[in-house]
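**Q** The structure is given below, and queries will be raised subsequently.
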Amino acid sequence: MSTRSRLDRRGFLARGLAMAGASLLGGCDSELSDQPWVQRVLASAESLTRVAQRALIPAKALAREYSEAEISKDFKANGSTSVDDDDYRALAANGFADWKLKVDGLVARPLELTLAELRAMPSRTQITRHDCVEGWSCIGKWTGVPLKALLDKAELKSSARYIVFYCADDIAATGDDDGKYYESIGLIDAFHPQTILAYDMNGAALPIAHGAPLRLRVERQLGYKMAKYVMRIEAVDELATIRGGMGGFWEDRGYEWYAGI
Amino acid sequence: MDANTEPTRRSHEIIHRHSGTVRITHWVNVICLLVLLMSGLQIFNAHPALYLGSKSTFADPVMAMRPMKHGNDVYGVTTILGWHIDTTGVFGLAKTAAGGFQIRGFPWSVTLPGHRNLAMGRRWHFFFAWVFVINGLAYLTWSLASGHLARDLTPAARELKHIGASIWEHLRLKFPKGEEAKHYNVLQKLSYLIVALVLLPLMLATGLAMSPGMDAGYPFLLDVFGGRQSARTIHFVAASAIVLFFVVHVVMVLISGVWNNLRSMITGRYVIKYPEAQP
């Protein structure tokens with residue numbers, strides 16, 4: 001076991017060196033970055049990071065919560081800031097009274113819940129820091145249903161390994177379904193006490209720019225994991241068969257699925 | 001000690017200057033730092049502004065590279081602590097070959113990849129961050145165990161007293177010769193110690209303090225650096241300090257006997273010249 005991991009580490013170093021050498025010799029990093037084998041090798045670090053962070057960070061460790069005074073007055077709305085879709089506009093015009101969240105897939109009791117029903121469930125309020133993959137951070141107050149409460153209510157099957165969130169926004173704006181935002185998380189994050197589906201932000205109904213009527217909060221990962229405009233939640237046992245197969249809109253475009261750093 | 005008592009005077013001597021571990025970890029580190037710097041600038045370009053504290057105060061950055069309008073013209077402006085500097089064409093605003101403008105922090109030539117691609121920048125950065133950490137741990141473990149740190153890098157009190165004289169010698173580009181050249185001088189020892197034990201570990205620690213995962217498991221990372229955005233700013237400043245060290249280091253290598261220095265870091269062999277033995 002230990003010999004094996006030592007060899008892996010050496011192989012990892014050797015591959016890194018070979019690659020850096022090639023990049024210096026080539027002097028043409030953009031082309032190098034386009035090579036599938038380079039992307040594959042570089043992407044191998046993601047598993048190392050995920051395994052290391054899972055080992056180093058207790059599963060229930062909480063992200064820091066801040067005081068009311070620290071809430072950002074200029075919380076940046078990134079990605080989609082509205083949904084260009086008639087159905088969505090009709091729902092929004094009516095205060096999302098006709099909207100329903102679907103919970104299905106590998107659950108014993110598929111659910112359809114209105115916003116009022118979600119609000120009637122146990123809730124959690126947390127003031128947390130939102131870290132964008134671009135580098136900035138904002139602090140906001142979120143109130144919502146713990147995802148665990150929803151999954152317990154739907155009776156998640158033991159074969160489920162990932163929770164997928166399907167969104168209303170068509171961020172790529174390509175006009176086809178592939179541009180629709182989606183995200184996924186594993187069960188460690190799904191059952192984390194701070195993982196909530198937020199319907200309120202800073203004490204008021206979640207604004208459209210921030211993902212009304214419902215957005216995911218996964219406080220120990222980067223912003224792009226926190227899907228906005230959530231319409232449907234599906235429990236699955238693998239991600240490969242969904243859309244681009246990498247587990248999310250940005251993941252299908254080269255970003256890490258494990259976004260803990 | 002006394003040259004007159006030596007039976008025969010040698011004009012030069014070849015010594016084994018750098019161990020295999022130092023040579024290998026040195027060059028691995030060179031590659032890592034180059035890739036980390038260039039991919040780091042790619043990541044910085046995704047939001048080319050720095051802040052202090054936990055959150056981003058978008059209207060009031062401590063440093064930013066951005067386009068600004070003045071009349072009908074657009075300039076690339078770098079703002080540092082409230083001072084605006086026109087850096088059109090270099091930082092904040094690049095001119096394209098077609099004569100147009102492009103909004104960017106750092107220019108093409110210093111980012112990895114050269115074109116805008118945050119996802120690939122992150123891939124490069126975190127892969128080489130792991131190589132850097134493994135390489136650095138190997139170096140530090142070996143340095144402690146072998147006595148390299150105590151023997152070759154820790155300055156004696158006597159050396160520290162003469163630091164002023166050493167600085168003066170360096171400024172006049174006079175470098176130690178003969179017996180004295182067999183060891184690092186006090187300025188080398190101090191700068192290598194600061195880089196190996198302060199700046200490089202600081203890069204790792206501030207990097208980890210930017211990780212929302214690590215912040216949850218180890219909240220002291222936030223307290224030590226004064227919040228995530230402060231950690232990001234310190235990460236940038238420490239990287240700049242390493243670039244400054246790199247520039248001085250390379251200049252010193254070039255003017256204190258470039259081939260001898262390079263050979264010693266590749267093969268380990270270093271030629272010591274004894275000036276007094278020359279006719």
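**Q** With N set to the number of residues, divide the alpha-carbon radius of gyration of the range B:208-277 by 2.2 N^0.38 Å and report two decimals. Could you put the intermediate results ahead of the total?
**A** Working: Rg = 20.6 Å, N = 70, 2.2 N^0.38 = 11.1 Å.
Normalised by 2.2 N^0.38 Å, the Cα Rg of the range B:208-277 equals 1.86.
**Q** Quick one: Kirkwood hydrodynamic radius for the range A:113-261, alpha-carbon pairs, angstrom, one decimal?
**A** Numbers: mean 1/r = 0.0646 Å⁻¹.
It is 15.5 Å.
**Q** Straight distance only, please: which aspartates and glutamates reach the Cα of A:Lys76 with their own Cα at less than 15 Å, same-chain residues fewer than 8 apart left out?
**A** A:Asp131, A:Glu134, B:Asp60
**Q** Can you count the Lys pairs in chain B with C-alpha separation below 24 Å, eight or more apart or on different chains?
**A** 12
**Q** Right, another one. What does the charge dipole of the protein assembly as shown about its Cα centre add up to, to the nearest 20 debye, if the Cβ of each Lys and Arg holds +1 and the Cβ of each Asp and Glu holds -1?
**A** Details: 58 positive and 50 negative charges, 367 e Å.
Using Cβ point charges on Lys, Arg, Asp and Glu, the protein assembly as shown gives about 1760 debye.
**Q** Could you work out the mean projected area of the convex hull around the alpha carbons of the range B:49-105, in square nanometres to one decimal?
**A** Working: hull surface 16.5 nm².
Mean projected area of the Cα convex hull: 4.1 nm².
**Q** When chain A is modelled as a GNM with alpha-carbon springs shorter than 10 Å, which of A:Glu134, A:Glu46, A:Glu183 fluctuates the most?
**A** A:Glu134
**Q** While we're here: What does the average come to when, for each residue of peptide B:111-120, you count the partner chain Cβ atoms lying within 10 Å of its Cβ? Kindly include the intermediate steps, with their values, before the conclusion.
**A** Working: counts 2, 5, 8, 5, 4, 0, 4, 6, 9, 10.
So the per-residue partner count for this stretch is 5.
**Q** Something else about it: Go ahead and set up a Gaussian network model of chain B, Cα springs under 10 Å, then flag whichever of B:Tyr75, B:Tyr218, B:Tyr184 fluctuates most.
**A** Most flexible of the set in this elastic network: B:Tyr218.
**Q** Scale the Cα Rg of the range B:1-139 by the rule-of-thumb value 2.2 N^0.38 Å and send over the ratio, two decimals.
**A** Details: Rg = 23.3 Å, N = 139, 2.2 N^0.38 = 14.3 Å.
The reported ratio for this selection is 1.63.
**Q** When only Cα pairs under 8 Å and 6 or more residues apart are kept, what is the percent relative contact order across chain A?
**A** Numbers: 433 pairs, mean separation 50.5, N = 261.
With pairs under 8 Å counted, the relative contact order is 19 percent.
**Q** Continuing with this model, one more query. Starting from the range A:160-261, pick out the trypsin sites (Lys or Arg not before Pro) whose DSSP state is loop and whose Cβ has at most 16 other Cβ atoms within 10 Å. Kindly include the intermediate steps, with their values, before the conclusion.
**A** Working: sites: A:Arg161, A:Lys180, A:Arg215, A:Arg217, A:Arg220, A:Lys225, A:Lys228, A:Arg232, A:Arg243, A:Arg253; in loops: A:Arg161, A:Arg220, A:Lys228, A:Arg243.
Taking the range A:160-261 and a limit of 16 other Cβ atoms within 10 Å, the loop trypsin sites (Lys or Arg not before Pro) found are A:Arg161.
**Q** Please compute the average number of Cβ atoms from other chains found within 10 Å of each residue's Cβ in peptide A:55-62.
**A** Numbers: counts 0, 5, 7, 2, 1, 1, 7, 3.
So the per-residue partner count for this stretch is 3.
**Q** Can you tell me the relative contact order of chain B? Whole percent, Cα pairs under 8 Å, sequence separation 6 or more.
**A** 26
**Q** Rank A:Ser33, A:Ser82, A:Ser67 by mean-square fluctuation in a GNM of chain A with C-alpha springs under 10 angstrom and give only the top-ranked residue.
**A** Most flexible of the set in this elastic network: A:Ser33.
**Q** Right, another one. Taking each full run of DSSP H in chain B as one helix, which ones are at least 30 Å long along their axis (Cα atoms) and have mean Kyte-Doolittle hydropathy of at least -1.0? Don't skip to the end; give the middle numbers.
**A** Details: long enough: B:20-45 (38 Å, 1.32); B:118-146 (41 Å, 0.88); B:228-255 (41 Å, 1.67).
Span-like helices in chain B: B:20-45, B:118-146, B:228-255.
**Q** Another question, then. Considering the options B:Trp259, A:Thr195, A:Ser158, tell which one lies farthest towards the positive end of the dipole of the protein assembly as shown, charges being +1 on Lys and Arg and -1 on Asp and Glu at the Cβ, about the Cα centre.
**A** Sorting the options by dipole projection puts first B:Trp259.
**Q** Please sort by residue number the GluC sites (Glu not before Pro) in the range A:186-261 whose DSSP state is loop and whose Cβ has at most 14 other Cβ atoms within 10 Å. Mind dumping the intermediate values first?
**A** Details: sites: A:Glu219, A:Glu234, A:Glu238, A:Glu251, A:Glu256; in loops: A:Glu219, A:Glu238, A:Glu256.
In loop regions of the range A:186-261 (DSSP not H, G, I, E or B), the sparsely surrounded GluC sites (Glu not before Pro) are A:Glu238.
**Q** Sort the following peptides by mean Cβ neighbour count (other Cβ atoms within 10 Å, averaged over residues), highest first: A:93-101, A:193-201, B:122-130.
**A** Numbers: A:93-101: 14.7, A:193-201: 21.8, B:122-130: 24.4.
For the peptides A:93-101, A:193-201, B:122-130, the packing ranking is B:122-130, A:193-201, A:93-101.
**Q** On to the next question. How far is helix A:2-26 tilted off the main Cα axis of chain A, in degrees rounded to 10, range 0 to 90?
**A** Once rounded, the angle reads 80 degrees.
**Q** In debye to the nearest 20, how big a dipole does chain A give about its Cα centre with +1 on each Lys and Arg Cβ and -1 on each Asp and Glu Cβ?
**A** Numbers: 33 positive and 36 negative charges, 264 e Å.
It comes to approximately 1260 debye.
**Q** Same structure again: Where does the Debye-calculated log10 I(q)/I(0) of chain A sit at q = 0.12, 0.13, 0.15 Å⁻¹, using only Cα point scatterers of equal weight, no solvent?
**A** Computed log10 I(q)/I(0) values: -0.78, -0.90, -1.14.
**Q** Here's another thing I want to ask about it. What is the Cα radius of gyration of the range B:127-279 over 2.2 N^0.38 Å, N being its residue count? Can you show the working numbers first?
**A** Numbers: Rg = 18.9 Å, N = 153, 2.2 N^0.38 = 14.9 Å.
Normalised Rg, Cα atoms only: 1.27.
**Q** So which lysines can A:Lys148 reach, going by Cα to Cα under 16 Å and dropping same-chain residues fewer than 8 places off?
**A** Straight-line reach from A:Lys148, under 16 Å: A:Lys60, A:Lys102, A:Lys157.
**Q** Hey, another quick one. Per DSSP H run of at least 4 residues, take -39500 (n - 2.57); add these up for chain A, divide by its residues and hand me the 222 nm value, nearest 500 deg cm²/dmol.
**A** Working: 7 runs with 78 residues, N = 261.
Helix contribution divided over all residues of chain A: -9000 deg cm²/dmol.
**Q** If you take each beta carbon of peptide A:122-129 and count the beta carbons of other chains within 10 angstrom, what is the mean?
**A** Details: counts 0, 0, 0, 0, 0, 0, 1, 8.
Average per residue, whole number: 1.
**Q** Nearest 10 degrees, 0 to 90: what angle lies between the long axis of helix A:36-56 and the longest principal axis of chain A (Cα atoms)?
**A** Roughly 60 degrees between the two axes.
**Q** Once you charge only the Cβ atoms, +1 for Lys and Arg and -1 for Asp and Glu, what is the size of the charge dipole of the range B:122-279 about its Cα centre, to the nearest 20 debye? Before the final figure, lay out the partial values.
**A** Values: 15 positive and 8 negative charges, 63 e Å.
Charge dipole, the range B:122-279, about its Cα centre: 300 debye, nearest 20.
**Q** Let me ask something else about it. Just the number: Rg to Rh for chain B, Cα atoms, Kirkwood Rh, two decimals. Let's see the in-between values first.
**A** Numbers: Rg = 23.0 Å, Rh = 21.8 Å.
Ratio value, two decimals: 1.06.
**Q** When the C-alpha atoms of the protein assembly as shown are aligned to their principal axes, what extent does each axis show, in angstrom, from largest down?
**A** Principal extents (largest minus smallest coordinate, Cα): 101, 66, 44 Å.
Values quoted throughout were computed directly from the atomic coordinates according to the rules given, and no laboratory measurement underlies them. Because the structure is a prediction, the values reported are computed rather than measured. When we count neighbours, we look across all protein chains shown, and the Cβ atoms used for this are built from the backbone with ideal geometry, even at glycine.
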